[in-house]
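The values are calculated or read from the model by the stated rules, or taken from the named source; none is laboratory data. Here the structure is a predicted model, which means the values were calculated and not measured. Quick reminder, even Gly has a Cβ in these numbers, built from the backbone with ideal geometry, and neighbours come from all protein chains shown.
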Amino acid sequence: MENDALKQAVQDMEAHFGGQANEFRGQVQVLVAPDKIVAAAQTLRDGHNFEIMADITAVDYGPDASPRFHVVYQFNSISEHIRLTLRVPLDGNEPTMDTMTGVFLNANWLERELWDMFGIRFEGHPDLRRILMPYDWEGHPLRKDYPLGYEEVQFTFNYDEIDQRKPRPKE
Amino acid sequence: MAMLERVETTLDELKHLVSEQAFEGDTLLLNMGPQHPSTHGVLRLLLELDGEIIVNCIPDIGFLHTGIEKNMEAKTYAKAEVMTDRLDYLNTMGNNLAYCLAVEKLAELDVPERAQVVRVIFAELQRIASHLVWLGTQALDLAAMSVFLYCFREREYILDIMEMCSGQRMMTTYIRPGGLWRDVPVEFEDAVRKFIAYMPGRIQQYEDLLTKNPIFIDRVRGIGKMTREQALAWGATGSTARASGIDYDIRKVQPYSGYEQYDFDVPTHTDGDVYARYLCRIEEMRQSVKIIDQAINRLPMGPFCSNNRKFVPPPRSELSRSMEAVIHHFKLWTEGYDVPKGSVYSVVESPRGELGVMLESDGGPKPYRIKWRTPSFSHIQLLSWIAKGHYVADLVAIIGSVDIVLGDTDR
């Protein structure tokens, strides 16, 4: 961490938002609690020149792990030429957290994708619908307990049996 | 009857996105796409129209969703790379590069100099090829038919160079973790030199057709304006952001593959309209030619991929001589290689903007989680804000100007 601006931002995250920083392969990641992430992002944007939130994504560590999810935010400062990653641990199978749309407008679709793919609910999101999967899809595909899936081959002897349990769009 | 009910539910779901007048029948709801020539793929736009003016534009994506991220989690690192070509099919080399940079960063692999230079040449050739498709389709959307034909003529030449090296025109998988798949053939250098000799003249031809063409200018100037602040808040990157006065290019500020050794400019513009984006991309093509020119002149001899046999498979010729090579070959192509535990985010400047790969490894031979931060995704989201208040005919110009690829968006 040789960059001063980055050092300041990380120190701020540690002092005011209880962040735990670690560096891996030259990239700094800070672990921040779910209830503090929106304020932390606001501070990064207004106080440390992180103008762009490039990405939000999540990692699922499986239904038995605790915390089950990590939500990963990528911040980019185009004036200081630095990047910072914030990670938010989330527990439970139906986690909720606050939306980022009030701070960064482009969080809208990124959070919709997280809801669609991981089933993470964002409180206060203006438009939390599925985005990539069909609107009546069941389950959240990028969770680790969601099977990769395949289509069963129908033969004449088991045609009806498989036909009955085939997934269909709701009428 | 069932059909009618379904339409009502859909509208109900979108109630918060359209204005009050839509329910009183004062404005018209119109579907554009998912099969429409000017949406550049399977993109559906739900438009709320007041006469010919767009009140609200609600993009609907996901028609091309193929679960690439989920699929990559189930494949070894070597096999997962094949899926990266299918993301942004106009920037296949760039996707390969982004993926390889992430894997190399996690595994701490060194890449030899020759491979670095060839990577830069291909990344820039791919940028020109992608911009040519953008220019052709943008002009076609605005009814300038002939530009499209000229652009595709030159693009075909680039695809020929790719086929010469990788055996494939588009789905190349040529850049591999640790270097390249094969060394470039002897004809490669001549072909590239021939290309950079005639390309600047061809770019001038496109400019002659469009840049001062009053019909073209009428359609694009002042359309789809985006200020610097808006571009930042809406997550615009790449030339879409540079046209709004954001002087930011990942090749300059966070160089990868040795981009710091090349001399090139980053074109920016302050107008932020469709015309500014057009000017930026045209200039970017010239700069790419300049980079290729420098790269081909410095192309060093030497190995084309890393010698680290724990990650890079041995060349075919070694298999008949060395037992160790056979073991490595077998191991690498069956169970793959283990990558150290950790998480990295690596970015490259794709023709469309910031292409990021968040790669997390649990120490095993398969990516635990890989997320593609694709520029098209944020640029389609931006359509819903940028299109407001414009005519439907101008929307066509705006969609073309943000340069979206639906494979990139839906993943």
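Below is a table of values for the structure above.
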item: Check on A:Arg130, basic (Lys, Arg), over 11 Å from the mean Cα position of the chain (by Cα) and at pLDDT 85 or above; result: yes
item: Among (1) crowded, with 18+ Cβ neighbours inside 10 Å; (2) under 24 Å from B:Arg352 (Cβ atoms) - the single one B:Gln168 does not satisfy; result: (1)
item: Filter pass, B:Asn96 being within 13 Å of B:Gly178 (Cα to Cα) and buried (at least 22 other Cβ atoms within 10 Å of the Cβ); result: yes
item: Enumeration of residues in segment B:224-262 that are farther than 23 Å from B:Gln138 by Cβ, of a type in the set (Gly, Ala, Ser) and within 12 Å of another protein chain (Cβ to nearest Cβ); result: B:Ala233
item: Given (1) surrounded by 10 or more Cβ atoms within 10 Å (Cβ to Cβ); (2) at pLDDT 80 or above, index of the condition A:Phe157 fails; result: (1)
item: Residue among B:Ile282, B:Ile327 that is at pLDDT 90 or above, outside any loop (DSSP other than H, G, I, E, B) and touching an Asp or Glu at 6+ places or on another chain (Cβ under 7 Å); result: B:Ile282
item: Whichever residue in segment B:180-218 is more than 21 Å from B:Cys280 (Cβ to Cβ) and of a type in the set (Asp, Glu) and, among such residues, is surrounded by the most Cβ atoms within 10 Å (Cβ to Cβ); result: B:Asp183
item: Qualifying residues in segment B:124-147 (those that are in a loop (DSSP other than H, G, I, E, B) and touching a residue at least 40 places away in the same chain (Cβ under 8 Å)) - the one farthest from the other protein chains (Cβ to nearest Cβ); result: B:Ala144
item: Failed item in (1) among the hydroxyl-bearing types (Ser, Thr, Tyr); (2) outside any helix (DSSP H, G or I); (3) in contact with a helix residue (DSSP H, G or I) (Cβ under 6 Å, 6 or more places away or on another chain), with B:Ser288 passing the rest; result: (2)
item: Segment A:11-28, residues that are farther than 20 Å from B:Glu108 by Cα and either out of contact with any Asp or Glu (no Cβ under 9 Å at 6 or more places or on another chain) or without any contact (Cβ under 8 Å) to a residue 60 or more places away in the chain (or both); result: A:Gln11, A:Asp12, A:Met13, A:Glu14, A:Ala15, A:His16, A:Phe17, A:Gly18, A:Gln20, A:Ala21
item: Listing of helices (runs of 4 or more DSSP H) fully contained in segment B:23-123 that carry 3 or more residues being within 28 Å of A:Arg129 (Cα to Cα), within 14 Å of chain A (Cβ to nearest Cβ) and not hydrophobic (A, V, I, L, M, F, W, C); result: B:68-73
item: Pick from segment B:318-349, criterion among the polar types (S, T, N, Q) and more than 13 Å from chain A (Cβ to nearest Cβ), ranking: nearest to B:Ala80 (Cα to Cα); result: B:Thr334
item: Elements of type helices (runs of 4 or more DSSP H) in segment B:351-411, at least 2 residues being among the small types (Gly, Ala, Ser) and touching a residue at least 12 places away in the same chain (Cβ under 8 Å); result: B:375-386, B:392-401
item: Odd one out for A:Val72, checked against (1) at the interface with chain B (Cβ under 9 Å from one of its Cβ atoms); (2) more than 10 Å from the chain's Cα centre (by Cα); result: (2)
item: Count of segment B:134-150 residues which are more than 18 Å from B:Val220 (Cβ to Cβ) and either in contact with a Phe, Trp or Tyr (Cβ under 9 Å, 6 or more places away or on another chain) or surrounded by 22 or more Cβ atoms within 10 Å (Cβ to Cβ) (or both); result: 1
item: Residues satisfying the stated conditions in segment A:99-145, i.e. surrounded by fewer than 22 Cβ atoms within 10 Å (Cβ to Cβ), facing chain B (nearest Cβ under 8 Å) and over 22 Å from B:Leu406 (Cα atoms); result: A:Pro126
item: Pair list, Cβ under 6 Å, 6 or more apart: segment B:66-83 residue within 20 Å of A:Arg143 (Cβ to Cβ), other residue surrounded by 19 or more Cβ atoms within 10 Å (Cβ to Cβ) and β-branched (Val, Ile, Thr); result: B:Glu69/B:Ile370; B:Met72/B:Ile370
